[in-house]
Amino acid sequence: MSETVKLILDGKEIVLPVITGSENEKAIDISTLRATTGYITIDPGFKNTGSTQSSITYLDGENGILRYRGYSIEELAENATFLEVAYLLLYGELPNIKELAYFDESITQHTLVHENMKRFFDAFPQGAHPMGMLSSMIASLSTFYPESQNSNRSVTDIEKTIHRLIAKLPTLAAKAYKHNKGLPTMYPRNDLSYCGNFLQMMFGLPTQDYKVNDVVERALNKLLILHADHEQNCSTATVRVVGSSQANLYSSISAGIAALWGPLHGGANQAVIEMLEQIRHDGGGLQKWIDKAKDKNDSFRLMGFGHRVYKNFDPRATILKVAADDVLEALGVSDPILDIAKELEQVALNDEYFVERGLYPNVDFYSGIIYRALGIPTDMFTVMFALGRLPGWIGQWKEMTEQSEPIGRPRQVYQGANARPFVSLTDRS
Ligand code: ACO
């Protein structure tokens with residue numbers, strides 16, 4: 001017999017079904033609660049609310065486990081390419097040689113963007129935040145591919161949209177960077193890997209023969225894999241909710257990019273470097289910053305610390321800490337803020353405030369240090385996160401669509417004024 005729980009409401013016993021996940025996670029199904037009792041549940045920030053049953057990513061925050069479709073993040077980061085991981089997230093299995101070759105070829109064929117999009121970029125001010133440009137550019141792709149707006153679109157149309165997005169995001173991201181630098185655009189090169197092509201569009205110049213550096217390419221591949229999915233986080237939940245209204249995929253991803261931009265989410269990688277720089281310039285030691293982070297009257301937080309789900313350690317941060325050392329050494333880069341970051345981590349991990357609250361470095365704590373060593377400017381860090389997260393967002397959108405999930409529409413408990421008569425302007429005090 002399936003498991004149930006009993007709830008006593010107004011003296012009446014309500015039996016609710018329990019849903020058990022494949023890793024034995026338990027959830028009480030309250031979907032009929034309002035219809036049968038008039039009650040809803042309330043959970044600001046969805047701290048304890050499951051919005052879907054998903055088979056994409058498993059995350060155990062207590063034990064620091066992260067798996068995509070059953071494969072550990074450690075093994076994927078060590079052995080796979082980003083496109084293999086993208087395929088895994090989208091289609092459920094790692095591709096065989098033939099499947100990967102087809103996928104790779106299809107992505108490569110879609111890397112160009114319409115020439116008219118150049119004019120959009122011309123209109124952005126120099127120094128425009130690249131996340132603002134990226135979110136706008138991705139939404140505007142829907143106007144070039146109007147078939148994406150058709151809610152009865154065919155599977156082939158959906159596949160094309162997915163491949164276009166994965167192919168064009170790097171082109172648009174690199175273009176945003178070049179726009180701010182005032183440098184000429186580099187067109188995509190079909191002979192390079194996904195990461196290699198992105199690097200040449202970022203750092204190549206028409207006057208030079210750009211050679212992709214292996215260390216940089218491998219580091220980028222690893223970073224993108226580590227960011228590729230993270231179950232129902234803020235931006236992914238946004239993509240699913242926007243997509244649930246049957247808005248087209250480009251608009252749903254554009255909304256996800258906007259959600260990722262915030263400093264409490266993907267924007268933290270930029271905020272971490274800015275914080276570490278501030279600490280370095282201040283020169284006054286770390287304790288002052290730890291004390292500020294603990295002070296409830298001070299809005300300062302240790303950026304890159306803490307996570308809604310991880311309360312022990314973030315396995316992505318563990319991988320990135322080692323990678324930061326390796327990459328900086330291989331590139332012969334010495335960055336004083338890596339030492340500050342490690343010291344800060346040690347001080348925080350031995351401080352009761354952080355220990356009690358389960359606050360540990362998250363993925364954003366060390367990723368920025370690597371991006372910096374790769375030559376990527378600070379305001380592009382969150383764009384890099386978006387590049388990595390894209391297949392996760394799309395895989396989650398695809399799953400939501402295939403499961404025919406209902407439109408996302410939370411309820412509320414109203415706490416405002418009760419009904420009252422309208423007062424004309426002259427009678428108001
Ligand atoms: N520095 C200092 N104190 C912190 C921090 C921090 N970075 N993070 C959480 N706390 C404290 C809170 O003040 C709170 O203390 P209290 O119980 O005394 O009130 C307690 O720890 C719990 O924190 P919440 O904000 O309630 O936890 P929540 O799950 O809502 O937030 C979040 C998680 C947003 C990640 C938070 O830890 C944070 O702001 N971290 C810094 C920003 C950051 O690094 N974001 C990236 C997250 S990873 C990602 O999105 C890719």
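Placing unit charges on each Cβ (+1 for Lys and Arg, -1 for Asp and Glu) gives the chain a dipole about its Cα centre, and among Leu224, Gly388, Thr36 the Cα reaching farthest toward its positive end belongs to Thr36. For the pair region 134-190 / region 368-429, the C-alpha centres are spaced 21 Å from each other.
Hey, what number do you get for the chain at 222 nm if only DSSP H runs of n ≥ 4 count, each worth -39500 (n - 2.57), divided across all residues, to the nearest 500?
Calculated from helices alone, the mean residue ellipticity at 222 nm is -16500 deg cm²/dmol.
Its residue count N fixes a reference of 2.2 N^0.38 Å for the chain, and the Cα radius of gyration divided by that reference is 1.07. If you count Lys pairs in region 268-373 whose Cα atoms are under 22 Å apart, skipping same-chain pairs closer than 8 places in sequence, the total is 10. Taking the 1.4 Å solvent-accessible surface of the chain as the whole, the part contributed by carbon and sulfur is 52%.
Using the heavy atoms of the protein chains and a 1.4 angstrom probe, tell me the accessible area per residue for region 268-373 in square angstrom.
Here the per-residue accessible area is 46 Å².
Rounded, prolate or oblate for region 268-373? Axes are the square roots of the Cα gyration tensor eigenvalues, ordered a ≥ b ≥ c, and the cut-off for rounded is a/c under 1.5. Cα axes put region 268-373 in the oblate bin.
Rounded to the nearest 20 debye, the dipole magnitude of the chain is 1420 debye, with +1 charges on Lys and Arg beta carbons, -1 on Asp and Glu beta carbons, and the Cα centre as origin. Straight-line cross-link partners of Lys398 among the lysines, defined as a Cα under 27 Å from its Cα and at least 8 positions apart when in the same chain: Lys26, Lys47, Lys98, Lys160, Lys168, Lys222.
Averaged over residues, the count of other Cβ atoms within 10 Å places the peptides 255-264, 293-302, 213-222 in the sequence 255-264, 213-222, 293-302, highest first. Solvent-accessible surface of region 4-50, averaged per residue with a 1.4 angstrom probe and all protein chains in place: 78 square angstrom. Summary value for the chain: 20 percent relative contact order, contacts being C-alpha pairs under 8 angstrom separated by 6+ residues. The listed peptides 21-29, 361-369, ordered by packing as a protection proxy, come out as 361-369, 21-29 (highest mean of other Cβ atoms within 10 Å first). Shape call for region 4-50 from the C-alpha gyration tensor, a ≥ b ≥ c root eigenvalues: rounded (a/c under 1.5), prolate (a/b greater than b/c) or oblate? It is oblate, given that a/c is not under 1.5 and a/b is not larger than b/c.
The values are calculated or read from the model by the stated rules, or taken from the named source; none is laboratory data. Keep in mind the model is a prediction, meaning the values are calculated, not measured. With ideal geometry, Cβ positions are generated from the backbone for all residues, glycine too; neighbour counts draw on all protein chains shown. Just the protein is used for accessible areas: all its heavy atoms, side chains included, with ligands, DNA and RNA removed. Shrake-Rupley method; radii C 1.70, N 1.55, O 1.52, S 1.80 Å.
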